[in-house]
Amino acid sequence: MMNYKQLTVFNYTIAYYAMRIFGVYWLLRQYLEYRRISLWPKEIYEPFLDIQKFIFPEYPNLFLYATLLLLCGVLLVITWFRQSILLNFCIFLLMAVINFPISLNFSVGHNNHLVVIGYFMAIFLLPGKMKQEKDYWWVQYFYLGILTTYSLAGFSKFLGIAKNVIKNSGKLTWLDKNAAKINTLDNYWMADVKVPEWMLHLYQYENLWVPVTIIAIIIQASSFLGAFSRKYLTFIMVFLYIFHLYTDFFVLADFRDAKNFVLIVLFPYHIFYLWISRFLKKTSWLQKSA
């Protein structure tokens, strides 16, 4: 049995390599998204950030974008075998730049921010140089950086509710019975898609949706606490995955990469410790981290 410090470092060690595999998959997803958006009129592309306007004043051509994808993919493969802070930093920069024309313009959502943040938080975390009793708190820092994004979103919802209640603004809040339903209807209307009948039937339970929504916001706001408790971290991982499934179907928010990334970086790999140890017992990186 491993103690908390040991399993924390062990879980990140596995997650580090899983992130490399996921990164290659993510690059493929960005390529497919790039090709989809490239079919749109060029006038739709409108950079959001000043740095984005400087790097990509126009939607990038295929050669440039493919070069960035290929370079990032090569670095991901290299860092599987050679752990390097400098290479990790380059991967983060490339992912941030690759994300600019895909998720940071007025015509497309910003659903890749969690992935970019995750690779930023992992820049200095090299499994081969980590010691369980000394460096586990660096992994907590890694978890905290990722989970804080969800906590801030949860707290902002509470602040929004409080503001409208105190000011008696009359605006719709999450305390209203039909808030979740109206949110779904609005998003489906904007996407010009008909709301499924089974979904409308679920929203008939008006008195149930208010407490469910408030409890979900409370859990979301408390996500950062998972950085300091393995059991709560696993609970938060399951919650966030279900939360993203809900937003996929009920809000039409495409957070496919986000929910997969959450599973990869927060998964309790230590439950398979014995199996992983036997399977990878000849690899030096596991011997250094276990």
Next item on the list: Find the residue count for the range 46-83, including only residues that are touching a Cys at 6+ places or on another chain (Cβ under 9 Å) and touching a residue at least 40 places away in the same chain (Cβ under 8 Å).
Entry: 1
Notebook entry, point to check: Give me the pairs: first residue in the range 115-139 and within 18 Å of residue 5 (Cα to Cα), second residue open to solvent by 30 Å² or more (accessible area, probe 1.4 Å) and in a loop (DSSP other than H, G, I, E, B), beta-carbon distance under 7 Å, and six or more apart or on different chains, which are they?
Noted result: 126/83; 127/83; 128/83
Notebook entry, point to check: Considering the range 206-227 alone, what residues qualify as being more than 21 Å from the chain's Cα centre (by Cα) and in contact (Cβ under 8 Å) with a residue 40 or more places away in the chain?
Noted result: 214
Checklist line | Members of the range 185-219 found to be closer than 16 Å to residue 248 by Cβ and either among the aliphatic types (A, V, I, L, M) or not in a helix (DSSP H, G or I) (or both), listed by number | finding: 190, 191, 193, 195, 196, 199, 202, 216
Notebook entry, point to check: Quick check: is even one residue across the range 110-129 farther than 19 Å from residue 21 by Cα and part of a loop (DSSP other than H, G, I, E, B)?
Noted result: yes
Check: For the range 115-137, which residues satisfy the criterion of being under 25 Å from residue 64 (Cβ atoms), open to solvent by less than 30 Å² (accessible area, probe 1.4 Å) and either hydrophobic (A, V, I, L, M, F, W, C) or modelled with pLDDT under 95 (or both)?
Finding: 115, 116, 123
Margin query: Go through the range 268-290 and report how many residues are modelled with pLDDT of 75 or more and open to solvent by 60 Å² or more (accessible area, probe 1.4 Å).
Written below: 4
Check: When both residues are 6+ apart or on different chains and their Cβ atoms are under 8 Å apart, which pairs have a first residue that lies in the range 240-259 and is touching a residue at least 24 places away in the same chain (Cβ under 8 Å), and a second that is of a type in the set (Phe, Trp, Tyr)?
Finding: 240/150; 252/188; 257/26
Next item on the list: Give the residues of the range 154-173 that are in contact (Cβ under 8 Å) with a residue 24 or more places away in the chain and either part of a loop (DSSP other than H, G, I, E, B) or open to solvent by 30 Å² or more (accessible area, probe 1.4 Å) (or both), sorted by residue number.
Entry: 155, 157, 158
Notebook entry, point to check: Could you count how many residues in the range 46-76 are assigned to a helix (DSSP H, G or I) and either under 17 Å from residue 29 (Cβ atoms) or open to solvent by 80 Å² or more (accessible area, probe 1.4 Å) (or both)?
Noted result: 15
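The values are calculated or read from the model by the stated rules, or taken from the named source; none is laboratory data. Quick caveat: nothing in here was measured; it's all calculated off a predicted structure. Don't worry about glycine lacking a Cβ; one is built from the backbone with ideal geometry, like all the others, and counts go over all protein chains shown. Heavy atoms of the whole protein, side chains included, go into the accessibility calculation; ligands, DNA and RNA do not. Shrake-Rupley method; radii C 1.70, N 1.55, O 1.52, S 1.80 Å.
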